[in-house]
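The values are calculated or read from the model by the stated rules, or taken from the named source; none is laboratory data. Bear in mind the structure is a predicted one, so any value in this text is a computation, not a measurement. When we count neighbours, we look across all protein chains shown, and the Cβ atoms used for this are built from the backbone with ideal geometry, even at glycine. Only protein heavy atoms, including side chains, enter the accessible area calculation; ligands, DNA and RNA are left aside. Shrake-Rupley method; radii C 1.70, N 1.55, O 1.52, S 1.80 Å.
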2 protein chains.
Amino acid sequence: MERVPLERKVLNENGRIAEELRARFAEHGVLCLNLISSPGSGKTTLLERTLESFAPGECVAVLTGDIQTDNDAQRLSRFGFPVKQITTGGTCHLDARMIEKALADWRLEDIDLLIIENVGNLVCPSSYDLGEAAKIVVLSVTEGEEKPLKYPSIFFKSELMILNKTDLLPYVPFQIALAEENARRVHAGIEIVRTSCLNREGLTDWLAWLSRKRAAARKPAASAAF
Amino acid sequence: MERVPLERKVLNENGRIAEELRARFAEHGVLCLNLISSPGSGKTTLLERTLESFAPGECVAVLTGDIQTDNDAQRLSRFGFPVKQITTGGTCHLDARMIEKALADWRLEDIDLLIIENVGNLVCPSSYDLGEAAKIVVLSVTEGEEKPLKYPSIFFKSELMILNKTDLLPYVPFQIALAEENARRVHAGIEIVRTSCLNREGLTDWLAWLSRKRAAARKPAASAAF
């Protein structure tokens, strides 16, 4: 019972820092995306495919969260873009303060697109605003069609659902239309793309979505200048 | 900063109730197991295969936790054993109080084996003792070999790791020996079984493990009487 007011206080404080981050992102024309999923749904591999699609010199950066290890940062840094690992040391989600701290020695002027890969967890990260322009939920086809109903919060709050690992559809009892229907029952307006990072199916749909969001986030002054 | 003492208080209170539950389980010869995994690793299907292996009248019961929906209880209740859904309404884990409450109208005299299916979450449930004799972590082969290193707490605390969905091994880039090595790096003594609930590979290993644990948990008086 006594936990509720403190939790609210923590979330209020998180929200305050997130709003500061959001204002800074807007000021510098940074599109910030917060990628959330269960452990093992393929976020890091999706980011590998994403980073390798960008031309060298594009102003893209990644923050990647994990409880332990810097495996993901190692995997992602080979593409030549700035990547930083946030190791939470037990905490089940990223919070706005961790993002603020991780960004302290990066210049937002040099970033157009900042992708945050959250800790693998379909529950807790959905409560913590990181100042992002949009949350994206990744659901792999091995996880079951009912996940949007069982974990509604993150599907409700996400602008886009990426249905990943479609290459496995022939081998798993997963009804993809039902999964999409369930996501739309929770969030009628959610956008959906289907992807496979192994056979690359649907990656162009995801990159096109990203490209539209980046164009919309660009500062009017900057786009006039270039 | 101020969160820590309160968290400790919550965990202490949880631990106190868990110890009471553990004493009651011991008194009645109930083997209680706490099944933990990411969302979608196949816990419920594993329980379906498990329940269908039992003869009618065996004293087996299941508590199944989810944020929302009673889908899992519906799926599991068709086997004729007592099943109860605990819907946490947003909370990312089960706690001992929820178990105590769910057990209030069940007679422990009538239960030999109580399986608790936790909320799908590889992080938070590992901190909450439910009075179980053992935690079991389920990892599916679609989730990546590095999960024991990224989420060490639950692998450290689990007596058994079930490597599930082995039928998908031909289709995923998953090195099963490396996954087992990683689990043993975190917890040298962890037992491991490999299972597929689709082609039923390894289910006998899991059921044999369960059978050994049940035999060990049986009350001496009761086993003498029967």
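Odds and ends about this structure:
- Selection count, the stretch B:96-130, where residues are within 12 Å of chain A (Cβ to nearest Cβ) and open to solvent by 50 Å² or more (accessible area, probe 1.4 Å): 2
- In a residue-by-residue description of the stretch A:197-210, the property of being open to solvent by less than 30 Å² (accessible area, probe 1.4 Å), under 21 Å from residue B:143 (Cβ atoms) and within 11 Å of chain B (Cβ to nearest Cβ) applies to at least one position.
- Qualifying positions in the stretch B:28-39 - part of a loop (DSSP other than H, G, I, E, B) and surrounded by 22 or more Cβ atoms within 10 Å (Cβ to Cβ): B:30, B:38, B:39
- Any chance residue B:194 is basic (Lys, Arg), open to solvent by 40 Å² or more (accessible area, probe 1.4 Å) and either over 28 Å from residue A:198 (Cα atoms) or within 14 Å of another protein chain (Cβ to nearest Cβ) (or both): no
- Hits in the stretch A:9-27 (condition: surrounded by fewer than 17 Cβ atoms within 10 Å (Cβ to Cβ), at pLDDT 95 or above and either under 17 Å from residue A:139 (Cα atoms) or among the basic types (Lys, Arg) (or both)): A:16, A:24
- Condition met for residue B:6 (aliphatic (A, V, I, L, M), open to solvent by 30 Å² or more (accessible area, probe 1.4 Å), touching a residue at least 24 places away in the same chain (Cβ under 8 Å) and over 30 Å from residue B:199 (Cα atoms)): no
- Residue A:36 vs. criteria touching a residue at least 40 places away in the same chain (Cβ under 8 Å), closer than 30 Å to residue B:5 by Cα, out of contact with any Cys (no Cβ under 7 Å at 6 or more places or on another chain) and at the interface with another protein chain (Cβ under 10 Å from one of its Cβ atoms): no
- Test result for residue A:120, touching a Pro at 6+ places or on another chain (Cβ under 6 Å) and either in contact (Cβ under 8 Å) with a residue 12 or more places away in the chain or not small (Gly, Ala, Ser) (or both): yes
- Candidate set: the stretch A:172-191, residues that are surrounded by 17 or more Cβ atoms within 10 Å (Cβ to Cβ) and not acidic (Asp, Glu); chosen: the one farthest from the other protein chains (Cβ to nearest Cβ): A:190
- Taken over the stretch A:40-95, the criterion of being part of a helix (DSSP H, G or I), more than 10 Å from every other protein chain (Cβ to nearest Cβ) and open to solvent by less than 10 Å² (accessible area, probe 1.4 Å) is satisfied by A:46, A:47, A:50, A:51, A:76.
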